[in-house]
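Written out below as structure tokens is the structure these notes cover.
Please treat every number below as a calculation from the coordinates, not as lab data. From a predicted model like this one, the values you see are computed outputs, not experimental measurements. Reconstructed Cβ throughout: ideal geometry from the backbone, glycine too, with neighbour counts over all protein chains shown.
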Amino acid sequence: MLKIISLMNQLKKIQKIFSVFHDGTIQNWKGNLEKLHIEVSCQYLAEIIDTSFDCFYIELQKIDKLELFTVIDNKIDNEINEPKIIQNIKAIFNNEIDIFHAKIVENYVEINCWQINEQENYVANNLLLSCNNIKVFNQNKIEISIEKLFEISDYYWAKF
């Protein structure tokens, strides 16, 4: 039971972090399934920390699930095609991924996103993720707490 609670808490943390970065873009990556670093461009939040900042870094540790759902971009007859699942890290992050929102589905987080890959002739709309730990860093690679990230987001959205 404790393991299930821990998993749910971790999934909530992943979901909340990626939801904060909606309208952000995953631009760069390095690493593997043990430790993956991704750069998320989200200038409107980053510049609240420092006006020269335009991104954050996310560290994902011990990834259990990493899949990108794609469909063939059929511009000729607009047929609906069965989704293809990409699990190779290099293929997943080969092109930028725009982040829209995230939700928990079963034992992973579904990140609604958008990626166009003209070379492979597909578009992607969901990134599935589960990992044992997630950390967020500012552009200077100084770790920031999830609470601080929420404060930054709340500060930004309170202006509207």
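About its Cα centre, how strong a charge dipole does the chain have in debye, to the nearest 20, once Lys and Arg get +1 and Asp and Glu get -1 at the Cβ?
Working: 16 positive and 23 negative charges, 141 e Å.
Its charge dipole is roughly 680 debye.
Could you pull out every one of the lysines with an alpha carbon less than 20 Å from that of Lys148, ignoring same-chain neighbours closer than 8 positions?
Leaving aside lysines fewer than 8 places away in the same chain, those within reach of Lys148 are Lys12, Lys13, Lys16, Lys135, Lys159.
For region 2-141, just say rounded, prolate or oblate: build the C-alpha gyration tensor, square-root its eigenvalues into a ≥ b ≥ c, call rounded for a/c under 1.5, and beyond that prolate if a/b exceeds b/c, oblate if not. Numbers along the way, then the final one.
Values: a/c = 1.87, a/b = 1.25, b/c = 1.49.
Here region 2-141 falls in the oblate category.
Mind ordering 7-14, 62-69 by average Cβ neighbours within 10 Å, highest first? It would help to have the intermediate numbers written out before the result.
Values: 7-14: 15.9, 62-69: 17.4.
The most tightly packed comes first, giving 62-69, 7-14.
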